[in-house]
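One structure is given here, and the rest of the page talks about it.
The values are calculated or read from the model by the stated rules, or taken from the named source; none is laboratory data. Worth saying up front: this structure is predicted, and the values here are computed from it rather than measured. Please note: Cβ atoms are built from the backbone with ideal geometry, for glycine as well, and neighbour counts cover all protein chains shown.
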């Protein structure tokens with residue numbers, strides 16, 4: 001066999017290998033897109049709806065779902081003909097919270113926060129410039145809606161997100177705005193960078209942030225940062241409640257409580273809370 005023929009066959013083999021690799025990467029990306037879409041709605045999705053939401057053909061979605069179902073990452077409700085996130089997705093996702101080994105230590109402080117304010121207490125972290133709710137202690141009062149545990153929310157539209165953003169430099173805040181924009185979720189959402197920077201200045205002075213119906217109408221959130229040993233943001237805690245209960249009159253007191261409990265949790269974790277300028 002000539003050297004040119006051998007070289008051509010080698011190139012063909014390598015091209016086929018690269019195509020298989022690229023196709024495999026694409027399949028993984030598509031499968032993850034399906035999982036992310038399923039996680040958006042607890043009601044589940046029909047096959048046709050998943051195809052529309054992901055921009056994939058129904059046949060491709062069905063093939064990927066079959067593989068994910070065999071590994072228990074998704075499950076099919078034959079009564080409603082809907083697909084849902086499976087138990088294996090939960091067990092894999094739960095390892096994220098376990099890796100954040102401060103979650104268990106935070107529970108007593110969340111319980112204290114809930115009992116002092118009579119509102120739902122939340123623990124959240126930043127992931128890829130979004131806020132992820134790790135765990136919460138539910139209020140005994142009626143709640144209409146909240147970001148679910150594991151849910152993602154834009155930093156600029158949440159109390160915990162703004163609390164963390166207040167620890168960033170103006171340059172880093174600007175980068176978050178450029179990457180993710182400033183979505184208008186309600187009439188009260190902050191959509192101008194200049195307004196956000198003013199808000200962050202206030203947060204730095206008072207030591208807590210307020211989401212005043214910016215993510216969802218009728219709901220308020222008051223948040224403060226939990227710091228690590230380098231006085232850097234490790235997480236944030238918050239309380240959320242209906243505006244009829246989290247009133248303007250209660251905001252200063254709730255803010256003080258959230259700030260103080262965040263400082264207590266920071267100390268318990270060996271962190272350092274920067275001094276707050278009350279001026």
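Filtering segment 150-160 to residues that are within 17 Å of residue 241 (Cα to Cα) and either in a helix (DSSP H, G or I) or outside the structural domain of residue 237 (by TED's automatic domain parsing) (or both) leaves 157, 159, 160. Of all residue pairs spaced 6 or more apart or on separate chains, those with beta-carbon atoms under 9 Å, a first member in segment 179-197 that is on the phi > 0 side of the Ramachandran plot and a second member that is at pLDDT below 90 and not in a helix (DSSP H, G or I) are 181/154.
When you look at residue 203, is it touching a strand residue (DSSP E or B) at 6+ places or on another chain (Cβ under 6 Å) and touching a residue at least 60 places away in the same chain (Cβ under 8 Å), yes or no? It is false that residue 203 is touching a strand residue (DSSP E or B) at 6+ places or on another chain (Cβ under 6 Å) and touching a residue at least 60 places away in the same chain (Cβ under 8 Å).
Any idea which residue in segment 111-138 is nearest to the chain's Cα centre (by Cα), counting only those that are at pLDDT 80 or above and assigned to a loop (DSSP other than H, G, I, E, B)? It comes out as 138.
Conditions (1) in contact with a helix residue (DSSP H, G or I) (Cβ under 6 Å, 6 or more places away or on another chain); (2) outside the structural domain of residue 107 (by TED's automatic domain parsing); (3) not in a loop (DSSP other than H, G, I, E, B), marked per residue:
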{"site": "188", "(1), (2), (3)": "no, no, no"}
{"site": "202", "(1), (2), (3)": "no, no, yes"}
{"site": "217", "(1), (2), (3)": "no, no, no"}
{"site": "220", "(1), (2), (3)": "no, no, yes"}
{"site": "225", "(1), (2), (3)": "yes, no, yes"}
{"site": "230", "(1), (2), (3)": "no, no, no"}
{"site": "254", "(1), (2), (3)": "yes, no, yes"}
{"site": "257", "(1), (2), (3)": "yes, no, yes"}
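Report whether or not residue 235 is within 24 Å of residue 172 (Cα to Cα) and surrounded by 24 or more Cβ atoms within 10 Å (Cβ to Cβ). Spelling it out, residue 235 is indeed within 24 Å of residue 172 (Cα to Cα) and surrounded by 24 or more Cβ atoms within 10 Å (Cβ to Cβ). Would you call residue 261 at pLDDT 95 or above and assigned to a helix (DSSP H, G or I)? In short, yes. Screening 80, 141, 69 for residues that are surrounded by fewer than 20 Cβ atoms within 10 Å (Cβ to Cβ) and modelled with pLDDT under 80 leaves exactly one candidate, 141. Here 184, 192, 178, 250 are screened, and the one residue that is surrounded by fewer than 21 Cβ atoms within 10 Å (Cβ to Cβ) and within 18 Å of the chain's Cα centre (by Cα) is 184.
For segment 120-134, a tally of residues being over 21 Å from residue 243 (Cβ atoms) and in contact with a helix residue (DSSP H, G or I) (Cβ under 6 Å, 6 or more places away or on another chain) returns 4. Residues in segment 59-85 that are over 16 Å from residue 29 (Cα atoms) and either in contact with a helix residue (DSSP H, G or I) (Cβ under 7 Å, 6 or more places away or on another chain) or touching a residue at least 60 places away in the same chain (Cβ under 8 Å) (or both): 7 in all.
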